[in-house]
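The structure under discussion appears below in the form of structure tokens.
The values are calculated or read from the model by the stated rules, or taken from the named source; none is laboratory data. All figures in this text were calculated on a predicted structure; none of them were measured in a lab. We place every Cβ from the backbone using ideal geometry, glycine too, and count neighbours over all the protein chains shown.
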Amino acid sequence: MYEVFEQLLQKYKITPYKVAKEAGVTQTALSNWKSGRSTPSAKTYQKIADYFGVSVDYLMTGNTEDNNDHYYTNEETREIAQEIFENPDLRSLFHAAKGLPPERLKAHIDFMQSLKQQEEKHNDEGC
């Protein structure tokens, strides 16, 4: 079972430490899983699967059966989620923003849009 996890680590060029930190699981749980001392709880499996954007079944078995049942029914949502998953900087922004109250999130969005406008203006001026 751990082999599938290792394949995902290699595929996305990330470390178990990063998965543990960003998915909210302990490094001990991953270490015990690797050594065969224990297997993750259902909750831990789900956190790891969610982090990688795979099913728990895939994480546990490596089976890639696809019956066209996608997690996201909306194509735009699927594409955005995939882009966030594949881009470490976007993923960091997403994780940082998840716990913010709406008014703080709005302030950060406004700030980032302002920075983007400044960058676009700078580029339009040929600098």
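For this structure, a couple of remarks:
- One residue from Ala107, Ala81, Ala96 being out of contact with any Asp or Glu (no Cβ under 7 Å at 6 or more places or on another chain), in contact (Cβ under 8 Å) with a residue 12 or more places away in the chain and over 19 Å from Val4 (Cβ atoms): Ala81
- Selection count where residues are at pLDDT below 85 and assigned to a helix (DSSP H, G or I), scope segment 89-113: 1
- Filtering segment 18-33 to residues that are of a type in the set (Gly, Ala, Ser) and surrounded by fewer than 15 Cβ atoms within 10 Å (Cβ to Cβ) leaves Gly24, Ser31.
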